[in-house]
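Any read-out appearing in this document is the output of simple, stated calculations on the displayed coordinates, not a laboratory observation. All of these numbers come straight from a predicted model, not from anything done at the bench. Note that each Cβ is placed from the backbone with ideal geometry, even for glycine, and that neighbours are counted across all protein chains shown.
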């Protein structure tokens, strides 16, 4: 016995049945469209209940069977005979199931097969196509992404951004029944190198950025149009290091300030690697690096590292509009680099500050008195302060601690709040001042590598602290703070006993009052 559930089956059959077949001669069908290749037909060979006879008609054939009755007598397509059956009666009439096609236009991308099915089927979203090529465009015209830079232009790559029906502005919904032939066209965005995360374009994965540059060293620019969260990295666990010879990365924020925020202890990036050299990171306009501070940006702990670590002849440059802030660290040892916003160490490792600001960073330690919140430079490094400022950072030794840098130069408009220079019994640090420097230092401290400040003071006496374009006016730009020893709290005001000479005989030297 045919169950009444066949009424539901009829609805499904009607969705799949052809409406574009060869029709019988005659006027338009009452319930179906015209056929594809002939005149309008009686419903395209689909069953209908004729209002006059009250019986099932298929095309122009009256089956004489009523849809009323105990079993409902709903027409179905018999899988064995492939014909319409009503109840236990084989009408002998074949259904004309229409086929509809989805064509995928990849717009010069990798070709894709068409998909066909019965009227009402759902197309399956195909694998994303690939499109080669791209163009060189000015940096200012590019969207967010990583780009190779050639002569002030960036080289774009195509990234698939969805399938679209003509005239529509939203991607096609692949859960839409296909009731007619359609063409879906690929849309492409001219983005950068494929450095996108698990969620795909345009979500940037910073680890992939560094990995790509290390594998393909060249000059790159990373453009950001949103903030970017990164986990902390260090030399012992998860190392994120820009290290390949010839690798150069510039970070630029599009439109307004874009932040790269630490979400766990460690560094944002290490620049340089043993034996590398010729590796550079540049912070450009609208880029802010935010360290880790308990209670800020969702952090539940303070940091134990610098935000940026420059080593092994690596180069780190800050430009106007860049910033490093928000790093708070407690050092449980005397490690120089812990707590600084920037830590520069190793022969010829270089920090160039041409603009921007380092501010709002803090470091502390129960054992180290030389830590600073801003810049820590040691072991034959090169420091060029040409512009910008390092101010408002808190640490036992202020904003900058400099130990034995090969070169520490002030020029342009560079300014610093508290600067501490280091000396041992055998070596000391000298500052170079260039002509036309318009900046200033708010406080100059002198550190001694001795647990007793009184015993360490002679390390500085008679030593040249300032050199270059130095005169009496220059000396006044370096107001003296304290002698500081390696013992916490063991300090002595410099000006009580000494001064920086300002005569032709002692210009720039530390001499007795």
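For the pair segment 208-256 / segment 122-196, the C-alpha centres are spaced 24 Å from each other. Among 257, 175, sorting on how many other beta-carbon atoms sit within 10 Å of each Cβ, with the fewest leading, yields 175, 257.
For each of 51, 280, count neighbouring Cβ atoms within 10 Å of the residue's Cβ, then give the residues from fewest to most. Please report the intermediate quantities before stating the final value.
On the way: 51 7, 280 20.
Fewest-to-most Cβ neighbours within 10 Å comes out as 51, 280.
Residue exposure proxy: 143, 318, ordered by other Cβ atoms within 10 angstrom of their Cβ from fewest to most, comes out as 143, 318.
Counting alpha carbon pairs within less than 8 Å and at least 6 residues apart, what relative contact order, in whole percent, applies to segment 213-259?
Numbers: 58 pairs, mean separation 27.7, N = 47.
The value is 59 percent.
Taking all Cα pairs closer than 8 Å and separated by 6 or more residues, the relative contact order of segment 390-513 comes to 21 percent.
When Rg and the Kirkwood radius Rh are both evaluated on Cα atoms of segment 366-513, their ratio Rg/Rh stands at 0.93.
According to the Cα-based calculation, Rg over Rh for segment 99-191 is 1.11, with Rh computed by the Kirkwood formula.
Over segment 226-317, calculate the relative contact order: mean separation of alpha carbon pairs under 8 Å at least 6 apart, over the residue count, as a percent. Intermediate values should be presented prior to the final figure.
On the way: 228 pairs, mean separation 31.0, N = 92.
Relative contact order here is 34 percent.
Each peptide in 340-352, 305-317 receives the mean, over its residues, of other Cβ atoms within 10 Å, and ordering these scores from highest gives 305-317, 340-352.
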